[in-house]
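Everything on this sheet refers to the single structure shown next.
Just so it is clear, none of the values below were taken in a lab; they were calculated from the coordinates. Note that the structure is predicted; figures quoted are calculated from it, not measured. For neighbour counting, all protein chains shown are included, and Cβ atoms are generated from backbone atoms with ideal geometry for every residue, glycine included.
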Protein chains: 2
Amino acid sequence: MTELDITTEAQIIQAARKVFLVKGFEGARMQEIADEAGINKALLHYYFRSKEKLFQSIFQEAFQRFIPSLYDVMLSERTLPEKLDLIIDRYQELLFENPYLPQFILQEVNRNPECLKTMFQKFGVQPSTFISFLEKEMTKEGITHITPQHLLVNILSLNIFPFAAKPILSIILFNNNKDEYLEFMKERKEYIKLFIHNALFKS
Amino acid sequence: MTELDITTEAQIIQAARKVFLVKGFEGARMQEIADEAGINKALLHYYFRSKEKLFQSIFQEAFQRFIPSLYDVMLSERTLPEKLDLIIDRYQELLFENPYLPQFILQEVNRNPECLKTMFQKFGVQPSTFISFLEKEMTKEGITHITPQHLLVNILSLNIFPFAAKPILSIILFNNNKDEYLEFMKERKEYIKLFIHNALFKS
DNA sequence: GTCTATATGGCGATAGAC
DNA sequence: GTCTATCGCCATATAGAC
């Protein structure tokens, strides 16, 4: 475990992240990852035994990013409207920094659905806890026209889908003009907040 | 072009649809499609020259289904709330019949973004037309707190995302209980309508 | 049109020198 | 630890008999 080892492993991880996130497991090639890392294919198998193993470490790292934002916001001392706004802020920030994350995770969970349970167990995630907290807050606010499950799915949908569908929406809305789509996504945060706020509290 | 030809080609199409929709282009195997169709691998290449060609015909067929619902509803003589409800009804019906469509299209458009322009040209689709109509209706109703682009993306997100994210949501919400998730998706239609209605018209 | 057999290439993985 | 060379497999695609 010299300095050099660490550097090489880090280079591999970085390269693997870049390739896997864009191409997915099936689409990615070990050769491409090696090239991206500036090393040889054989070295990939030296550090990680197989493509699957290398992929798992990237997937786990990616998956972790989706979890923590929700919990600590929900547990904080704020009103529900404030919490929702904060969750949207955090999610949009995360997604802007990792725009390929949604499609990457969707694709690979479809390929291997069992991996999800493993992840949840590994990180001690209890989604039902989050639902319970949301439910309590909604009762407090007198919101009865929607269930916490549907509200959660609505929040996730409005935030995540436009990133997963970027190529489609970019064409549909702006004839593939990248700048206009970026501008659209940046302003979108406030529109999501307003949309959810109106749907919940204007009754 | 005898009876037998047509039957075989239809069998291939049906088998290819089944395999490609679930596995995607990279994940699908010609052998699996041949087995599913009850024929030999070589016959696939006899009818369609290559895997890519066979895939394209399946993708085109799948893509077509997403288009027409929106147009004729938007052009009909109804109020905006009625139109929105009808669009949601149509989309949910389409998605229940083809639950793999969202992830299939997302995955393959990411793999080959250029194919979208081809599709739009092929079918003479002008997304800007739809946005214009939506904008006109929104002005008529005095809706100014959201742009037609964001409203369209919200509608698509709320409808499509839960199908693309089925394995994830099924675990998060119901600990992988299929029946509960199905029930959730069936009741969801009305929650989407209510959510959008409140967000737009309760001001 | 449909089959069997085979060509062809690419990819993950390993052996072995340094 | 890092490289070159190569193995072994599997998937697409083709040749050719029937």
Label-point separation, A:Asn176 to B:Lys53 (7 Å along Cα→Cβ), nm
2.5 nm
Shortest first and in nm, the label-point separations between B:Asn177 and its counterparts in the other identical copies (7 Å out along Cα→Cβ) come to 5.0
Compute the label-point distances linking A:Glu114 to its equivalents in the other copies; points lie 7 Å from Cα along Cα→Cβ; give nm, one decimal, shortest first.
4.0
Please say if the range B:95-197 is rounded, prolate or oblate, where rounded means a/c under 1.5 for a ≥ b ≥ c the square roots of the C-alpha gyration tensor eigenvalues, and otherwise the choice is prolate for a/b larger than b/c and oblate otherwise?
oblate
Could you tell me the distance between the Cα centroids of the range B:50-97 and the range A:13-31, to the nearest Å?
33 Å
Taking chain A, how much of its Cα-Cα pair set, in percent, is spaced more than 20 angstrom apart?
64 percent
Could you go through the range B:140-147 in sequence order and give the Karplus-derived ³J(HN,Hα) for each residue, using 6.51 cos²θ - 1.76 cosθ + 1.60 with θ = phi - 60°, rounded to whole Hz, and x for Gly and Pro?
4, 8, x, 8, 10, 7, 8, 7
Between the range B:131-173 and the range A:141-203, how far is it from one alpha carbon centroid to the other, in angstrom?
7 Å
Taking the range A:62-200, the lysine pairs whose C-alpha atoms sit under 30 Å apart (8 or more places apart or on different chains) add up to 22
³J(HN,Hα) computed for each position of the range B:165-172 - Karplus, 6.51 cos²θ - 1.76 cosθ + 1.60, integer Hz, glycine/proline x:
9, 3, x, 5, 5, 4, 6, 4
Select from A:Tyr71, A:Ser170, A:Gly124 the residue farthest towards the positive end of the dipole of the range A:62-200; place +1 on Cβ of Lys and Arg, -1 on Cβ of Asp and Glu, and compute about the Cα centre.
A:Gly124
Report the convex hull volume per residue for the protein assembly as shown, counting only C-alpha atoms, in Å³.
171 Å³
222 nm [θ] for chain A, helices only, -39500 (n - 2.57) per DSSP H run of 4+, per residue, to 500?
-26000 deg cm²/dmol
Global form of the range A:127-174, assessed from the alpha-carbon gyration tensor, a/c cut-off 1.5
prolate
Place the label 7 angstrom along Cα→C-beta at A:Tyr47 and in each other copy, then list the distances from the first to the rest in nm, shortest first.
4.6
